[in-house]
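Just so it is clear, none of the values below were taken in a lab; they were calculated from the coordinates. Everything numeric here is computed off the predicted structure, so don't read it as measured data. Using ideal geometry, Cβ is built from the backbone for each residue, glycine included, and neighbour counts are taken over all protein chains shown.
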Amino acid sequence: MDVGEMQKKLSQWATENPEEQYRDLYSLLCNDVWLRVAHHSVNANQGRDTAGIDGATMSNFNGDVEGNLARLREALKAKTFEPMPVRQTSPKHPLHQCGNKPTVFRTGVLS
């Protein structure tokens, strides 16, 4: 399965059929190929060496990548997976001005 091609097809279908509901997208999350592509994407990020809210880095995850991906897949399939909370951060200085009030951007850092 080519994940990029499937994402393009889903995007095109959603654009052409905006009234349709997408009921089977969750099964894609459980797909081994999609999990591996997601892992590769996260593992390639510059922040991979920064510990998340749980104190773990990608190096920790990669120490048992096969086991971790298998456990994640099983938890997703069983619908028992519960993500960690998101650590919220705000920039130290506003990036834009909205009228005469500075705009504060809140960002979520997935951990």
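Take the alpha carbon gyration tensor of the stretch 3-84, find the square roots of its eigenvalues, order them as a ≥ b ≥ c, and report rounded if a/c is under 1.5; if not, report prolate when a/b exceeds b/c, else oblate.
Working: a/c = 2.31, a/b = 1.77, b/c = 1.31.
Prolate shape, in that a/c is at least 1.5 and a/b is the bigger ratio.
Listed highest first by mean packing, meaning other Cβ atoms within 10 Å per residue, what order do 43-54, 64-75 come in?
Working: 43-54: 11.2, 64-75: 13.2.
Per-residue Cβ counts within 10 Å, averaged per peptide and sorted highest first, yield 64-75, 43-54.
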